[in-house]
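These notes concern the structure reproduced below.
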Amino acid sequence: MRIPKKERQSSLKKLVADDPFLTDEDLSRHYHVSVQTIRLDRLECGIPELRKRLKQVASQTMANEVKSLGTDEVIGDIIDIKLDQSAISIFDVTENHVFKRNQIARGHHLFAQANSLAVAVMDDALALTAKSTIEFLKPVKAGDRVIARAEVKRETVKEKRTLVEVISTVGDVPVFTGQFQMYRTTEEQQEEEK
């Protein structure tokens, strides 16, 4: 059952405001219209495409939350973060990230996304990776969207170490896991060590 255009566009604004990560395909299924109709509706309503919405959310998140990295130092786009608890980032694999002969993503990109997310989730000005244990589970190809989820597991106060677990997926399929032991110091500890 089709919704009249004005009602659909009004609803579309509200829906995208509530969930900026909806794709045009998701929206076309929701409203039972073509992807082209959704694109026209977005243009008329001034709603940017998904990639621009992700960048907006990521830059707001980075500017307001992350202490340990600059915005240009994160691999992928951080879309959600609760310092010292959890974080989520999105990384779109392009032709620049894959081996030419088989179109499989180079592992250092997946590692860099996970590692920078583990650093970013730390609620400290200085956070460094002391040790990592990683596993590549499935190949990732050009065109895949990798979603990395980091969770702070435990902290050892005496050693100033925090364990962060990162699981990266494409769709619902795990493609990479990593456990990162993060060395961290607060500004007061940095002053004491000088």
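Read the figures in this text as sums done on the coordinates, not as results from a lab. Not measured: the values here are computed from a predicted model. Every residue, glycine as well, gets a Cβ built from its backbone with ideal geometry; the counts of neighbours run over all protein chains shown.
Measure up Lys5/Lys141; Lys14/Lys52; Lys52/Lys131 against 27 Å on the Cα-Cα distance and list the ones that go over.
Lys5/Lys141; Lys52/Lys131
Give me Asp92, Asp19 ranked fewest to most by other Cβ atoms within 10 Å of their Cβ, as a rough exposure proxy.
In increasing order of surrounding Cβ atoms, one gets Asp19, Asp92.
Rank the residues Ile81, Ile88 as a footprinting-exposure proxy: fewest other Cβ atoms within 10 Å of their Cβ go first.
Ile88, Ile81
Could you compute Rg(Cα) / (2.2 N^0.38 Å) for the range 90-145, with N its residue count?
1.30
Given the Cα-Cα distance of Ser86 and Thr177 and 0.36 nm per residue of separation, how much length would full extension add, in nm?
Length gained between Ser86 and Thr177: 31.3 nm.
Local charge sum around Gly143 (other residues, Cβ-Cβ under 13 Å, Lys/Arg +1, Asp/Glu -1)?
Charge balance near Gly143 sits at -1.
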